[in-house]
Amino acid sequence: MDSNRANEELILAFLLEGGDGFVSGAALSDKLGLSRTAVWKHVEGLRDVGYAIEAQASKGYRLLRVPDRLTALELAPLLTTRELGQQIHSFESIDSTNQAAFALALEGASAGTVVLAETQTAGRGRRGRSWVSPPQKNLAMSCILRPDIGAEHVAELTLVTAVAVAEALESCQVAAKIKWPNDLLVGGKKICGILTELSADTERVHFVVIGIGVNLNSTLDDFPDELGGRVTSVLLERKETVPRALFVAALLAQLELWTDKWADEGFAGVAPAWRARSMTLGKTVTVMSERSEWTGIAQDIDATGALLVRRGDTVERVVSGDVEVLAR
Ligand code: BTN
């Protein structure tokens with residue numbers, strides 16, 4: 001981390017600690033070992049990126065407003081995690097956070113590294129689809145994990161992540177349901193998509209990138225017309241904007257909690273929470289894969305997160321593909 005950013009982070013931490021009160025310039029320069037002028041320059045640096053900081057000659061500095069940005073500066077003071085988000089790479093605009101995270105992981109980035117972007121120019125969805133990220137509105141985030149597992153267990157992580165996102169949305173009073181394997185919907189409209197990618201050999205996984213796109217503060221105007229009616233956001237559901245940094249902190253906390261549980265207990269430890277939020281189980285579904293399309297009744301998920309679908313007299317194990325939920 002460069003020393004400017006480190007000092008800005010420290011000043012911010014002291015101002016946050018000061019709450020509604022003023023923190024004296026003398027106290028800041030003592031604590032940081034900097035001159036009063038250097039402190040003032042860092043305060044200006046924070047103002048430049050959108051922090052509103054009041055300055056009074058006799059009293060010092062007071063934090064009035066934190067900008068709605070997703071960088072380490074805003075996130076670090078909010079994080080409660082042990083590993084997730086300890087390294088943060090944030091971009092104004094990037095092709096895809098999954099692509100960037102993949103490249104970082106290949107270069108050796110540590111487990112828990114998080115990549116965030118305000119917008120993506122080539123956001124990726126599952127099965128070759130694209131993902132729309134209107135600038136400064138939503139969440140486009142990818143997390144690097146290095147679990148000690150075989151590739152056959154990676155699909156479980158998508159379901160584990162879906163539970164964490166559902167809980168983070170619940171903390172915003174949005175009740176989302178999980179459509180197997182990776183969509184979160186509210187009233188049938190998509191609010192989140194998850195794209196899990198991996199690097200592995202025949203024996204073990206080298207790393208996993210979990211890409212999470214959540215529609216937070218977008219309105220319908222932010223999406224292309226063809227998505228109209230099929231997407232929603234927290235703002236559209238709640239009529240209130242979400243402080244995005246708080247959402248990220250809540251999501252990373254839940255993601256760490258559930259991935260820890262999964263590492264300790266296996267998918268069996270997460271499956272009940274997934275089932276409780278599923279909109280797929282018990283429904284008639286059409287299973288669409290590259291080669292076929294057929295209809296059955298979704299009965300359960302198995303120990304690896306595969307969907308078990310009754311088709312006539314047999315139960316088929318669906319491990320990939322799209323599932324359209326029809327009526328019960
Ligand atoms: C889907 O619903 O098909 C999955 C969408 C996943 C989108 C997220 S946004 C952050 C990350 N970067 C990407 O390019 N894709 C994922």
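The values are calculated or read from the model by the stated rules, or taken from the named source; none is laboratory data. Since this is a predicted model, take the numbers as computed values, not measurements. Because the Cβ atoms are built from the backbone with ideal geometry, glycine has one as well, and the counts that use them run over all protein chains shown.
A few remarks follow.
- Residue that is nearest to Asn215 (Cα to Cα), among those in region 136-147 that are more than 9 Å from the ligand (Cβ to nearest atom) and under 16 Å from the mean Cα position of the chain (by Cα): Lys137
- Of the set (1) hydrophobic (A, V, I, L, M, F, W, C); (2) out of contact with any Gly (no Cβ under 6 Å at 6 or more places or on another chain); (3) over 25 Å from Ile297 (Cα atoms), all apply to Leu252 but (2).
- Apart from one condition, Thr280 fits all of (1) crowded, with 18+ Cβ neighbours inside 10 Å; (2) free of Cβ contacts under 8 Å to residues at least 60 places away in the same chain; the exception is (2).
- Count of region 101-118 residues which are over 14 Å from the mean Cα position of the chain (by Cα) and in contact (Cβ under 8 Å) with a residue 24 or more places away in the chain: 7
- Residues located in region 166-189, provided they are within 11 Å of the ligand (Cβ to nearest atom) and outside any strand (DSSP E or B): Pro181, Asn182
- Consider region 120-132 and keep the residues that are closer than 18 Å to Glu226 by Cβ and more than 6 Å from the ligand (Cβ to nearest atom). The one that is surrounded by the fewest Cβ atoms within 10 Å (Cβ to Cβ) is Gly128.
One line per residue, one yes/no per condition, for (1) small (Gly, Ala, Ser); (2) without any contact (Cβ under 8 Å) to a residue 60 or more places away in the chain; (3) crowded, with 17+ Cβ neighbours inside 10 Å; (4) over 26 Å from Val115 (Cα atoms):
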{"site": "Thr202", "(1), (2), (3), (4)": "no, yes, no, yes"}
{"site": "Asn215", "(1), (2), (3), (4)": "no, no, yes, no"}
{"site": "Ser218", "(1), (2), (3), (4)": "yes, no, yes, no"}
{"site": "Pro224", "(1), (2), (3), (4)": "no, no, no, no"}
{"site": "Val231", "(1), (2), (3), (4)": "no, yes, yes, no"}
{"site": "Arg244", "(1), (2), (3), (4)": "no, no, yes, no"}
{"site": "Leu255", "(1), (2), (3), (4)": "no, no, yes, no"}
{"site": "Thr259", "(1), (2), (3), (4)": "no, no, yes, no"}
{"site": "Asp264", "(1), (2), (3), (4)": "no, yes, no, no"}
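- Number of residues in region 297-315 that are under 22 Å from Val154 (Cα atoms) and not hydroxyl-bearing (Ser, Thr, Tyr) equals 11.
- Residue that is farther than 17 Å from Leu255 by Cβ, within 16 Å of the ligand (Cβ to nearest atom) and modelled with pLDDT of 95 or more, where the choices are Leu104, Leu84, Leu116: Leu104
- Unmet criterion (only one of (1) part of a strand (DSSP E or B); (2) more than 12 Å from the ligand (Cβ to nearest atom)) for Glu152: (1)
- Taken together, the residues in region 283-316 that are closer than 26 Å to Trp258 by Cβ, surrounded by 15 or more Cβ atoms within 10 Å (Cβ to Cβ) and small (Gly, Ala, Ser) amount to 3.
- Some residue of region 3-20 being farther than 18 Å from Pro77 by Cβ and at pLDDT below 95: yes
- For region 22-54, the set of residues classified as under 24 Å from Phe91 (Cβ atoms) and of a type in the set (Ser, Thr, Tyr) consists of Tyr51 only.
- Sole residue being near the ligand (Cβ under 10 Å from one of its atoms), within 16 Å of Gln254 (Cβ to Cβ) and in contact with a strand residue (DSSP E or B) (Cβ under 6 Å, 6 or more places away or on another chain), chosen from Thr158, Thr196: Thr158
The rows are residues; the columns are (1) aliphatic (A, V, I, L, M); (2) farther than 30 Å from Met141 by Cβ.
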position	(1), (2)
Ser24	no, yes
Leu34	yes, yes
Thr37	no, yes
Tyr51	no, no
Arg62	no, yes
Leu75	yes, no
Leu84	yes, no
Gln87	no, no
